[in-house]
Structures are given as C-alpha cells and as structure tokens.
Amino acid sequence: MKLFVTPADSALNEGIGLLGFRGIALAASAEEADVVVTAATQEAGLTVSYDGAKAATITYSRRVEFFRGVSYLLDGKAVEVSEKAHFASNGFMLDCSRNAAPTLETIKETLARMALMGLNTMQLYTEDMYTLEDRPFFGYMRGRYTDEELIAVDDTAYALGIEVVPCIQTLAHLPTVLRWSAFSHLIDCNDIMMAGEDTTYEFVTEMVKKMRKCFRSKRINIGMDEAHMIGLGNYMKKHGVRSRVDIMCEHIARVLGICKEYDFTPMMWSDMFFHLAGGSYNDAENGIDKAIIDKVPQGVSLVYWEYYCDDKCRYDTVLKQHKQFHNPIVFAGCAWKWNGLLPELKFSLKASRAALTQCIGNEIADVFATAWGDDGAECPLNVVLPVLQLYAEIDYHGGDISDEVLAERFATCMDASLADFLLLDKPNRTTENQPAIGLNPTKYLLYQDVMQGLFDRHVDPATFPTFFAQTAKELRAAGERNKAYQYLFEYEASLCDLLSVKSVIGIDLRAAYLAGDREKLEELVNTALPEVAARLTTFTDLFFDGWMRENKAFGFDTIDLRLGGLQNRIRTAEKRIRAYLAGTVDKLEEFDEDRLFFDAREDENADVNTFCNTWSRIASASVIS
C-alpha cells in the first residue's frame, strides 16, 4: 500500500518509510498513492476515517498514534475509529544483554512493528552492551553497540514517535562486567558493585554520560534489582555490618545525583525494598514498613515487575502497596521467552490481561512488557509479538478485549495468525492440563545426555515420539500460513523432529542393555543414534539461521558449544556401545546407574514434565564450570 500524506510532513513521511515489513511505502504524489491521508493533530486521542477507497483522515495527539492509525487502512475497508490511550507510556523492554544482541536492523523492525500497534516506548536493556571508551573490557566480545548504532536506534524511534528509554545497571546484574580483573576493585560480592566507593560512582557516571550522548529521552532505568547480597561481601569487610536498607538508599541517592547532573529522571526496579523489608511481592498483603518507605529517595520511579501471576486480586494488592511509597509507580509485565527454546504465550496473554486491567484501575501511567533471555537467549525475539499487540489493544480500548478482537488486530498489524502463533507453545505441552506454568521439556530433552539420562524419568515413551512428530506437522503447516514468520515455525518443527527420536533414545538403549538384548542394542546404534545425530545437525543449522537473522554473531558461540557438545556426546555413546558389543568393555556404567526423578519428587503419579532452564545442570551431573 502506497500512502501520500497531506499536508506534507517530513517526520511522518520518514516513519512511513520504515513500515516496509507490512508492505507500506511512501508515494511520490497523490496520483501515485493507493491512499491519500490527511493528517492533523488534536489535543487527545486518535481518530481515523477511511472511505475504503482512496481518502483517509488520521487525527492524532502523539506521533505514534498516526502510525497506529495507518494500521486501520491495511484491510482496505471503510472504517471509523475513535480511541484514546489510557497509559502515558506503554511499550517493550528489549533484552540485549543475555548473549543475543539484536542487530540494528532487527531493532528498527521491532520499532516499526511497535509503531503500527501504537506502542510509544522501548526500553533498551543493556548491561554492558555499549562502549565506554576508557574501559575496553566493558562489553568485550559481546556484540556491544557503538554510539552510532545507539543513536541510529534513537533516531529511528523518534521518527516513529517512540521514546527509547536507556536501561542500564548501576548496582547488580553485572556478571559479564565484574568477571574481568579490570573491574575486580569494584566488587562487593557476586555480581554486585561496592556501594559507597568513589570509584563506583565514577564508573556509573561514565555509564550515564554515555546514555545522555546517545538518547533523547529524559528518562533512564538504573536497574538495581536482585542485589540481595548488598553489603555482605567486601563492603562488610571494610565497614562492618550495616543496615542494607541504609546502604541501598545511600547508593540510590548518589546515583540520583549523577542522573540529575545529566538531565535524567530515573526509574528502578522495586523488588529490593520488599526484599529488604523481610519479604517479597508475595508478602505484600502484610504491608511494608513505613520506615523503609520513608527512606526511599523521592526522585526515582519504582518499577513493579511481575511475571508469574494471573490473579487480578494479587496485582491490585501489590499495586496498592506500591502506591504507599512517595514515588511514581511503573509496571513491568511478562512476554515470556526466557524459559528455554520456546515462548509461554498463552500464560503471558492471560497474565497481561489481569495485570493491565488492574494498572488501569489503579491509575498506573506507565507500563511495559519484558522479554528476558535467561540462560543464553535461546528463544527467538519475534515470538512475543502477540503479547505486544495485547498491550496496545488494552491500552487503546481501555480494558480487557476479546480474543476475537486481538486476533483481528494481530492479523492486520502483523499479517499473522494469532491462533498459529499460540501453537509455538505446544511442544512444551506434552501432556494435557499441565499443573504449572513454565515447564520446559523441549529444553532438557534436547540437552540431556543420551547415555546418562538425567531426565529419562520425565519421559513418557508411549506418547512422546508421536506427540513430537505430530506437533512438527502442525507447526510446518502453520509456517506455510505465516510466510513472514515461517522461520519461527520451522525452527520449532525441526526441534520436534529431533525430539521425536531423541526423547526416548536413551531409554531404549538402556532397556536393551539391561535386557542383554545385544541384537536390539546393535540395531539402535546402527539406525536410531545416527538418525538423532542427523536431525540434530538439521536443527543446529536452523538455529544458526534464525539467530543470524535476528542477532549479531556474538553469543551464538555458547549455542555452538551446547549443540556441538551434544553431537560429540552422541559420537561418544556410539563408541562406548560398540566397544561393549565387541567385548572390549564388559559393562556400561552409565546404564547401570538407576534413573531418578530430576526434581526429587515423591509423587510418581504427578505430571511427568518438570522444569530446568540451566544448561549446565541439564547436560551433566558433573562439574562444568
């Protein structure tokens, strides 16, 4: 669809030029255009009037709303729309720090998708993923972004009416920084920096100064979450035992001063105040000590993050507890892609509905969805698009919306089927009515050793091969229906192809060995094991293609080590078993070991699936690091 905007507006024209992913282009003249759009501004809200032919009017109060208005033209049908956003800022936190560093083009495409939805904020989460000129080990060999790349991200977002909020860490969550001896003098303990030290604040100043150079936003996220051990390492050796609340608040005050110097209004995660009060968000109904509330500096917004709850009452309770602070409150919700190789979309949508409706009810002005990349960022980025669409639709509709409306808007904005995207959850649903969220059999069944079988007790050999084979077919069919995202479906289908044989290979090999069935054991070594290796090669190639499509090359080395190590372990298993069959060794100790439930469950009748999202624990019971 070619658009021509009148009166001429260079900013809107630049933004239209970024929407090519959806087949939208800028026309050189009204005569050449498919639709001539009359653009106008108003004090509040978005209105769209389209005759279904060539004339449309889009009246908007925020630039991003113009691009949401464009989305209503894509179906080619006459439409009248009147909407008003309920959140002042609404958007997406893009995690660039867990090995997957999205390329500049990927970030630009994500911004364009957000604009068509009407989302006006991106938080760019960068622990050490940018350059500090005097600190060469900061982000070394991690795909860190240059100043030019960050400025290009900000310029692209600005053209679309999106604010990029820099998101850094100024206390904890810095393991890839503090691993280097060049930063050892900054360590309190673990991944936490030493509060109260001038060298720490010199370092923080460099971070904040760089963010000011690269971004227009007046807001900055300074992190400070999960610093549970603050003051308990080198700090305690130097200063003795002190109140961790006092240490934390003194540190915040110093960082706030730096932010003010560079014209930033900061926000930080709020969990530490609940933790230091002796509980967590789960204990919010018991209240939080007023003494702690009064100690928190007022120049910082508090970000309440919640990813595991779909209970509206719980959200309401914790939001009300947050509102007792003398600080603005921001909410961060879930777009689950941190659970291994697949998303958790259905739960993310359910939890987001509960959370966002309560945010509106509690008059929370600022919200965003997070999509973390725990344990190597194995899950592709674009799987979370349905959750972002929901954030937009609840915002502009002012409350929960039907599945039908969400699916309709997703098809229009993303040219994809919501029902098909929800299939991306399915390979982890090996049983019906799983009792817990986040179970991830695809990850542990992929990485577990074929001879040591740490998760063999979590396999149903009667159903898993058929389940994975059938799911692969469904995913491939969905990929054919969603060409722009076919790589996501093919990646998962290939994983299912692999697991349809790998999930039971260790069980079958061990059963033949224990039964003394050398003929069966030889058959498995000659046929099944090579088939697992071949399918693993195919999956590895697709994993590589998808990674390079979305991300910089850095970080894939960890995936290579995992999958390459698995491939070599298959070769080792073949050698071990052939040696046994040839009589070179008289037993296979790996198969002689009893198989235990990985989660040490007592109820053997519980759902067979379990959870582990740490590769090093899945791959071996031995020490890896």
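If I ask for residues that are assigned to a helix (DSSP H, G or I) and within 15 Å of the chain's Cα centre (by Cα), which ones from the range 82-109 would you list? Walk me through how you get there before you give the answer.
Taking the range 82-109 and keeping what is assigned to a helix (DSSP H, G or I), we get 104-109.
Those that are assigned to a helix (DSSP H, G or I) and within 15 Å of the chain's Cα centre (by Cα): 106, 107.
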Of the residues in the range 436-464 that are open to solvent by 10 Å² or more (accessible area, probe 1.4 Å) and under 23 Å from the mean Cα position of the chain (by Cα), the one that is modelled with the highest pLDDT is 439
In the range 588-613, which residues are closer than 20 Å to residue 428 by Cα and of a type in the set (A, V, I, L, M, F, W, C)? 597, 598, 606, 608, 611, 612
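Here is a yes/no grid of residues against (1) within 15 Å of residue 506 (Cβ to Cβ); (2) modelled with pLDDT of 95 or more; (3) open to solvent by less than 30 Å² (accessible area, probe 1.4 Å); (4) not aromatic (Phe, Trp, Tyr):
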residue	(1), (2), (3), (4)
536	yes, yes, yes, yes
560	no, yes, no, yes
564	no, yes, no, yes
572	yes, yes, no, yes
586	no, yes, no, yes
589	yes, yes, no, yes
592	yes, yes, no, yes
604	no, no, no, yes
State all residues of the range 480-499 that are among the polar types (S, T, N, Q) and either assigned to a loop (DSSP other than H, G, I, E, B) or open to solvent by 10 Å² or more (accessible area, probe 1.4 Å) (or both); if no residue qualifies, say none. 482, 486
Mind checking which pairs have a first residue in the range 76-102 that is within 30 Å of residue 374 (Cα to Cα) and a second that is open to solvent by 20 Å² or more (accessible area, probe 1.4 Å) and β-branched (Val, Ile, Thr), Cβ under 9 Å, 6 or more apart or different chains? 87/360; 97/176; 99/558
Being at pLDDT 95 or above and small (Gly, Ala, Ser): is that true of residue 332 here? yes
If I ask for residues that are part of a loop (DSSP other than H, G, I, E, B) and open to solvent by less than 30 Å² (accessible area, probe 1.4 Å), which ones from the range 399-425 would you list? 399, 401, 416
Filtered residues of the range 554-608 (kept if among the polar types (S, T, N, Q) and closer than 30 Å to residue 376 by Cα): 558, 567, 568, 572
Kindly indicate whether residue 141 is within 17 Å of residue 258 (Cα to Cα), hydrophobic (A, V, I, L, M, F, W, C), modelled with pLDDT of 95 or more and surrounded by fewer than 23 Cβ atoms within 10 Å (Cβ to Cβ). no
The correct count of residues that are modelled with pLDDT of 95 or more and part of a helix (DSSP H, G or I) in the range 11-28 is 8
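If I ask for residues that are open to solvent by less than 80 Å² (accessible area, probe 1.4 Å) and not in a helix (DSSP H, G or I), which ones from the range 538-558 would you list?
So the first thing to find is which residues in the range 538-558 are open to solvent by less than 80 Å² (accessible area, probe 1.4 Å), and the list is 538-540, 542-543, 546-548, 550-553, 555-556, 558.
Residues satisfying the conditions are 551, 552, 553, 555.
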With respect to residue 110, determine if the residue is under 26 Å from residue 249 (Cα atoms), of a type in the set (Ser, Thr, Tyr) and crowded, with 19+ Cβ neighbours inside 10 Å. no
Of the residues in the range 254-275 that are buried (at least 19 other Cβ atoms within 10 Å of the Cβ) and among the aromatic types (Phe, Trp, Tyr), the one that is farthest from residue 230 (Cα to Cα) is 264
Among (1) free of Cβ contacts under 8 Å to residues at least 40 places away in the same chain; (2) touching a Leu at 6+ places or on another chain (Cβ under 9 Å), the one test that residue 623 misses: (2)
Please enumerate the residues belonging to the range 1-28 that are more than 30 Å from the chain's Cα centre (by Cα) and under 15 Å from residue 110 (Cα atoms). none
Which one is most open to solvent (accessible area, probe 1.4 Å), of the residues in the range 294-313 that are free of Cβ contacts under 8 Å to residues at least 40 places away in the same chain and either within 26 Å of the chain's Cα centre (by Cα) or closer than 23 Å to residue 192 by Cβ (or both)? 313
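Output the number of residues of the range 575-625 satisfying the condition of being aromatic (Phe, Trp, Tyr), part of a helix (DSSP H, G or I) and within 26 Å of the chain's Cα centre (by Cα).
At the first step, the residues of the range 575-625 found to be aromatic (Phe, Trp, Tyr) are 580, 591, 597-598, 611, 615.
Remaining after also requiring part of a helix (DSSP H, G or I): 580, 591, 615.
Still in the list and also within 26 Å of the chain's Cα centre (by Cα): 615.
Total meeting the criteria: 1.
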Within the range 43-78, the residues that are surrounded by fewer than 16 Cβ atoms within 10 Å (Cβ to Cβ) and touching a Phe, Trp or Tyr at 6+ places or on another chain (Cβ under 7 Å) are 78
Looking at the range 574-584, which of the residues that are closer than 22 Å to residue 498 by Cβ and of a type outside the set (A, V, I, L, M, F, W, C) is most open to solvent (accessible area, probe 1.4 Å)? 575
Which condition number does residue 459 fail, the rest of (1) farther than 23 Å from residue 537 by Cβ; (2) of a type in the set (Val, Ile, Thr); (3) touching a helix residue (DSSP H, G or I) at 6+ places or on another chain (Cβ under 6 Å) being met? (1)
Could you count how many residues in the range 355-373 are within 9 Å of the chain's Cα centre (by Cα) and either β-branched (Val, Ile, Thr) or over 16 Å from residue 345 (Cα atoms) (or both)? 1
Of (1) open to solvent by 30 Å² or more (accessible area, probe 1.4 Å); (2) of a type in the set (Gly, Ala, Ser); (3) within 27 Å of the chain's Cα centre (by Cα), residue 227 satisfies all except one. Which? (1)
Close pairs from the range 543-560: first aromatic (Phe, Trp, Tyr), partner open to solvent by 20 Å² or more (accessible area, probe 1.4 Å), Cβ under 6 Å, at least 6 apart: 554/142
Pairing a residue in the range 427-446 that is on the phi > 0 side of the Ramachandran plot with any residue that is in a loop (DSSP other than H, G, I, E, B) and surrounded by fewer than 22 Cβ atoms within 10 Å (Cβ to Cβ), where Cβ atoms lie under 9 Å and the two sit 6 or more apart in sequence or on different chains, gives 433/607; 438/308; 438/611; 438/613
Which of the following residues is open to solvent by 10 Å² or more (accessible area, probe 1.4 Å) and either small (Gly, Ala, Ser) or at pLDDT below 95 (or both): 157, 85, 172? 85
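The values are calculated or read from the model by the stated rules, or taken from the named source; none is laboratory data. Small disclaimer: the values here were computed from a predicted structure and weren't measured. So basically every Cβ, Gly included, is an ideal-geometry build from the backbone, and we count neighbours across all protein chains shown. Just so you know, the surface numbers come from the protein's heavy atoms only, side chains and all, with ligands and any DNA or RNA stripped out. Shrake-Rupley method; radii C 1.70, N 1.55, O 1.52, S 1.80 Å.
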